[in-house]
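Structure provided below as structure tokens; questions to follow.
What follows is calculated from the coordinates using simple rules that are stated; it is not laboratory data. In this text, all values refer to a predicted model and were calculated from it rather than measured experimentally. When we count neighbours, we look across all protein chains shown, and the Cβ atoms used for this are built from the backbone with ideal geometry, even at glycine.
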Amino acid sequence: MFAEITRMRNIGISAHIDSGKTTLTERILFYTKKIHRIHEVRGRDGIGATMDSMELEKERGITITSAATHVSWKDHAINIIDTPGHVDFTIEVERALRVLDGAVLVLCSVGGVQSQSITVDRQLKRYHVPSIAFINKCDRIGADPFKVREQLVSKLDRNAVLLQIPIGLEDKHLGVADLVSMKAFYFEGEEGRDIRTADIPKELETEALKYREILLDAVSMFSDELMVAILEDHVTEDLIRDAVRRGTISLKLTPVLMGSAYRNKGVQPLLDAVLHYLPNPAEVKNTALDLDHPGQQIELDPDPSLPAVSLAFKLEDGPFGQLTYIRLYQGAIRKGDMLLNTRTGKTIKVGRLVRMHADRMEDISEACCGDIVALFGVDCASGDSFVHPSLNLTMTSIYVPDPVISLALEPVDNKASNNLAKALNRFTKEDPTLRTYVDPDSNQTIIQGMGELHLEVYIERMKREYKVEVETGKPQVAYREAISRKMEFDYVHKKQTGGSGQFGRVVGTVEPRPDGTNEFINEVKGGRIPKEYIPSCEKGFLAALKQGPLVGFPVVGVRVTLLDGQAHAVDSSDIAFRTAAKDALRGVLRKANPQILEPIMKVSVDGPTEFAGNIFATINQRRGMIVSSVEDGTYSRVDAEVPLSEMFGYATILRSLTQGKAEFTMEFLKYGKVPASIIENLMEELRERRKNE
Amino acid sequence: MVRSELIKRSPLRILEKAMGGSLGRGRIGVLASRKGVGKTACLVHIATDKLFQNQPVIHVSYSSRVDYIINRYEDIFREIAKKRNLESAVDVHDDIIKNRVIMNFKQDGRQVDQVLNSVRAMTEHGRFPAEVIIVDGFDFVNADFAEFHKFHDFAGQIGAEVWFSASLRGDEPIFDEWGFPEVLKPFDADIDVLITLGYKEDSIRLHLMKNGDKDVPGELSIRFDPKTMLIAE
């Protein structure tokens, strides 16, 4: 059984939205015989690509949720996660990367490395995922895979090396010349199923030799054996592959392949490359956190005979109940096994265990470490760890950013109201970046997320999947408050109204912290405040920080240092100190020159250089700060920092100003001070907003 | 030290004293040396000094990646703040970077017109009122006078002072008998100020080789410190 793990690959297909990754996935499913007909993303047959399982995705031609699918290729099992490209849904990408061992980075041979490719690249690097690049769409006008390879080096700082060169480009794209075997591959027969191997065309020989030299030069540093073989002139394909594999797995090399998925060219060699160069699950180090010894990490062993450790990384609600995708890191899971959810402490019994192929599933009786499978009918949240009941481990939590935007929802009728709760319950379990609560003042349901489009997609899904019609308010930005001056406080809370009184005195300082987090430091000496009341003081301070002095938004970036105080033998209590601390802080925050902070987004806009002026203008009009612009041929990218509140509707404006040729991505960067010039109006508006809530 | 004091005590004041004031709007200064001596760091120090004085800077780079240039600015700011014990360094930093834009161009096939169009778009459409333009990595070896002259015209039109770096490579001799770089001779008419960097007794010295029509002192009393990457006394 252990031998099987070496024949397993868990890969993600990460890409920019229009680089054709769904088409590529579709071809992979076709060649691995998982599907019998190819459907295009925006196909004329109205069916849509197999991995795009949700209606909405079919309609918009984008991929929102990732579906896992299992395929076989040359005696190996490959689990593929199709990941979304839009940055608003990157939690999906991040989750996929967390559970995968390797990735295929798909790039368009015309568009090259664009802003989303940069985001995806950053994510791949954050999770140390080895990857190979596939330059797609070599049949398009303007295709230039050599330029794209250069961009992988210059823009993404990757040691990108061509393993193939194209045989013809644009409408003359016939196949690829492989630099490892020095053979030409042509893709013939029905849907390019038959690969014809031939000699490299005469006119390409010199070029192929030149690029093979470059390849050997780049990969020989990963293998002494290959280096010797080069010197002695007996290089073999296996030696090259071994060196490429070492370089790729050590994250020091990115092999580059190419083709045109749409024209059925280059897909099978890409699958071979996945087997050759991406790691099997046993080659990737994975750790879990020991809940019995906080802070301690335990390395997991991909041995099927050990107790099971797995991570639920994806939930989907289907017609038969909740489907939970899990990745097994250690041990094996069999039908009937008991598993412990270490977050809830509840034990579950493995009922149905299934392997997923996009919308279809196959029942299996057991799954081994390294594999990605799905559990049926298990109540849990995304990110939960399922382990053997003898263990108390949790997989490292997936990084979840705080939401930056909120939207008030009002169901149109009673029926909608009931279904709204159901829909939100499921969505928030599926997507930890989506949060929801009912505002106690207005009684409205508020949803919070990572961007306008993020929330829009859920509103659409409510309508389609739960028949919930809602009216929405204007998107609201999550403001914060901060202080900008160090202040001292000395406050006495005293109450004597019959019965036992209340007494507590707190003395200390508040000061700003540049990193934006809050901190409490206790420096009380000599028991001036008894030890048992220190936590009460901390709670009181925290309570005061929940509502800022200006408009009532949470206060961030404050260090509270408790220096001294006083207690009364009879009248001091937990509540007395909590109140003293809370009131002391409320009072002093007002004096510490409070300010309103707003979320600042990192915005990247890509577009033809002729529109650079328009792009600069849109950033300037939005109180944005242009950090840089990069012009590369006819394309330019502008990176800027722009307040989120100014970004609503930006997609529409940008489209109309650039004839739809520019696009942008944005992600949360930091909280920044609202400039003095607009603070008065904003405060007025925010106070009004809070009054009406 | 507060910001105003830091500006006053910058070693760049020594350079300005030697030049009889700052470079001045519409004028062109060139910092020339062999490769790897510290031209870019000197330019970034000059730019940072301007940023401290609230003068918006556009940094045009032909060679380095944007993140590399940003790191250069960060390193130099950190060094200055540390050395001078700058008060409210975080606030000063946040304040000055608002006045800095980095524009990166690939030299191959990039015509000067295209670069200047983009810089103009930044100043006009982006409403970025650049007072200083730094041009790093301009290829003097393969450029001709007409192209360089466009920068001169542009500097005059938008009223900015422009600082170039010039990498001195090619066949020996690199300098003529007066210490003027051979490669810059075709551009002499449009260069208002020329400073060269060169090794002397284990340190890198700055030489003021041209200053309009004025007499020049040659070696200055400031040097470039490769450890801190700062111009120092």
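Hey, how many Å between the Cα centroid of region B:178-197 and the Cα centroid of region A:219-290?
What the calculation gives is 51 Å, centre to centre.
Here's a follow-up. For chain A, calculate the relative contact order in percent as a whole number, restricting contacts to Cα pairs under 8 Å that are 6 or more residues apart.
Value for chain A: 9 percent.
Between residue A:412 and residue A:172, what is the spin-label point distance in nm, taking each point 7 Å from the Cα along the Cα→C-beta axis?
Using points 7 Å along Cα→Cβ, the separation is 5.7 nm.
Any idea how far the Cα center of region A:560-635 sits from the one of region B:73-131, in Å?
Here the two parts' Cα centres lie 23 Å apart.
Give B:150/B:185; B:82/B:200; B:8/B:50; A:314/A:349; B:8/B:82; A:125/B:227 a once-over and call out the pairs whose C-alpha atoms are over 23 Å from each other. Could you put the intermediate results ahead of the total?
Details: B:150/B:185 17 Å; B:82/B:200 27 Å; B:8/B:50 12 Å; A:314/A:349 19 Å; B:8/B:82 16 Å; A:125/B:227 31 Å.
Exceeds cut-off: B:82/B:200; A:125/B:227.
In nm, to one decimal, how far is the residue A:126 label point from the residue B:14 one, both placed 7 Å along Cα→Cβ?
Simple spin-label model gives 4.6 nm for this pair.
Run down the lysines and flag those whose C-alpha is under 17 Å from the C-alpha of residue A:183, throwing out any fewer than 8 positions away in its chain.
Within the straight-line limit of under 17 Å, residue A:183 reaches these lysines: A:202, A:210, A:265.
Over region A:405-476, what is the mean sequence separation of C-alpha contacts under 8 Å (at least six apart), divided by residue count, expressed as relative contact order in percent? The partial results should precede the final answer.
Numbers: 102 pairs, mean separation 36.5, N = 72.
Once divided by the residue count of region A:405-476, the mean separation gives 51 percent.
What FRET efficiency would be calculated for the residue pair residue B:71, residue A:251, taking the C-beta separation as r and a Förster radius of 35 Å, to the nearest 0.05?
Working: r = 21 Å, r/R0 = 0.60.
Taking R0 as 35 Å, the efficiency between residue B:71 and residue A:251 is 0.95.
Here's another thing I want to ask about it. Roughly what % antiparallel, to the nearest 5, for the DSSP beta bridges in the protein assembly as shown?
Working: 136 of 192 bridges.
Restricted to the protein assembly as shown, the bridges split so that about 70 percent are antiparallel.
May I ask you to order A:451-459, A:259-267 by the average number of other C-beta atoms within 10 Å around their residues, highest value first?
Peptide ranking by packing, descending: A:259-267, A:451-459.
Of A:353, A:174, A:195, whose Cα points farthest to the positive end of the dipole of chain A (charges on the beta-carbon: +1 Lys, Arg; -1 Asp, Glu; origin at the Cα centre)?
Checking the options against the dipole of chain A, the answer is A:353.
Exceeding 21 Å between C-alpha atoms, which entries from my cross-link table qualify? They are A:346/A:539; A:415/A:463; A:346/A:415; B:35/B:98; A:415/A:467. Please report the intermediate quantities before stating the final value.
Working: A:346/A:539 30 Å; A:415/A:463 12 Å; A:346/A:415 33 Å; B:35/B:98 30 Å; A:415/A:467 9 Å.
Flagged as over cut-off: A:346/A:539; A:346/A:415; B:35/B:98.
Say the dipole of region B:1-41 comes from +1 at the beta carbon of Lys and Arg and -1 at that of Asp and Glu; which of B:26, B:38, B:11 then lies farthest toward its positive end?
B:38
Within 10 Å, count the other beta carbons around each residue, average over each peptide in A:597-603, B:32-38, B:167-173, A:485-491, and list them highest first. All intermediate terms of the calculation are to be shown ahead of the outcome.
Working: A:597-603: 22.7, B:32-38: 17.6, B:167-173: 12.6, A:485-491: 15.7.
Listed from highest to lowest mean packing, they are A:597-603, B:32-38, A:485-491, B:167-173.
Note down the net charge around residue A:285, summing +1 for each Lys or Arg and -1 for each Asp or Glu among other residues with Cβ under 13 Å from its Cβ.
Numbers: positive: none; negative: A:101, A:283, A:299, A:301.
Summing Lys and Arg as +1 and Asp and Glu as -1 gives -4.
In region B:119-159, what trypsin sites (Lys or Arg not before Pro) fall in a loop by DSSP, with at most 16 other Cβ atoms inside 10 Å? Don't skip to the answer; put the middle values down first.
Numbers: sites: B:120, B:127, B:150; in loops: B:127.
Within region B:119-159, the qualifying trypsin sites (Lys or Arg not before Pro) (loop, at most 16 other Cβ atoms within 10 Å) are B:127.
How far apart, in nanometres, would the label points at residue A:542 and residue B:35 be if each is projected 7 angstrom from Cα along the Cα-to-Cβ direction?
5.8 nm
Once a ≥ b ≥ c are taken as the square roots of the eigenvalues of the Cα gyration tensor of region B:3-168, is the result rounded (a/c under 1.5), prolate (a/b larger than b/c) or oblate (a/b not larger than b/c)? Don't skip to the end; give the middle numbers.
Working: a/c = 1.57, a/b = 1.49, b/c = 1.05.
Since a/c reaches 1.5 and a/b is larger than b/c, the shape of region B:3-168 is classed as prolate.
I would also like to ask the following. Report, in listed order, any pair from A:155/A:252; A:429/A:602; A:486/A:546 with a Cα-Cα distance greater than 23 Å. Walk me through the numbers on the way to the answer.
Working: A:155/A:252 16 Å; A:429/A:602 27 Å; A:486/A:546 19 Å.
Pairs exceeding the cut-off: A:429/A:602.
If I take R0 = 22 Å and measure r between the Cβ atoms of residue A:421 and residue A:381 in this structure, what FRET efficiency does the formula 1/(1 + (r/R0)^6) give, to the nearest 0.05? Mind showing how you got there, number by number?
Details: r = 16 Å, r/R0 = 0.74.
The computed FRET efficiency comes out at 0.85.
While we're here: Under a point-charge model restricted to the Cβ atoms of Lys and Arg (+1) and Asp and Glu (-1), what is the dipole moment magnitude of chain A relative to its Cα centre, in debye to the nearest 20? Could the numbers behind the result be given before it?
Details: 87 positive and 98 negative charges, 388 e Å.
It comes to approximately 1860 debye.
Remind me, relative contact order of region B:3-168 in percent, using alpha carbon pairs under 8 angstrom and six or more residues apart?
Values: 229 pairs, mean separation 67.4, N = 166.
For region B:3-168, the relative contact order is 41 percent.
Let me ask you something else. Projected onto the charge dipole of region B:134-227 (+1 at Lys/Arg Cβ, -1 at Asp/Glu Cβ, origin at the Cα centre), which of B:191, B:224, B:167 gives the Cα projection farthest towards the positive end?
So the residue we want is B:224.
At a 10 angstrom cut-off on C-beta neighbours, averaged per residue, how do the peptides A:172-184, A:674-686 rank from highest to lowest? It would help to have the intermediate numbers written out before the result.
On the way: A:172-184: 20.1, A:674-686: 12.8.
Ranked by mean Cβ neighbours within 10 Å, highest first: A:172-184, A:674-686.
So if we plug the beta-carbon distance of residue B:219 and residue B:84 into 1/(1 + (r/R0)^6) with R0 = 30 Å, what FRET efficiency do we get, rounded to 0.05? Show your work: numbers first, answer last.
Values: r = 25 Å, r/R0 = 0.85.
About 0.75, to the nearest 0.05.
Rounded, prolate or oblate: pick one for the protein assembly as shown, where a ≥ b ≥ c are the square roots of the eigenvalues of its C-alpha gyration tensor, a/c under 1.5 means rounded, and failing that, prolate if a/b is larger than b/c, else oblate.
Working: a/c = 1.78, a/b = 1.05, b/c = 1.70.
The shape class here is oblate.
Where a ≥ b ≥ c are the square roots of the eigenvalues of the C-alpha gyration tensor, would you call region A:405-476 rounded, which needs a/c under 1.5, or, failing that, prolate if a/b is larger than b/c, or oblate?
Verdict is rounded for region A:405-476.
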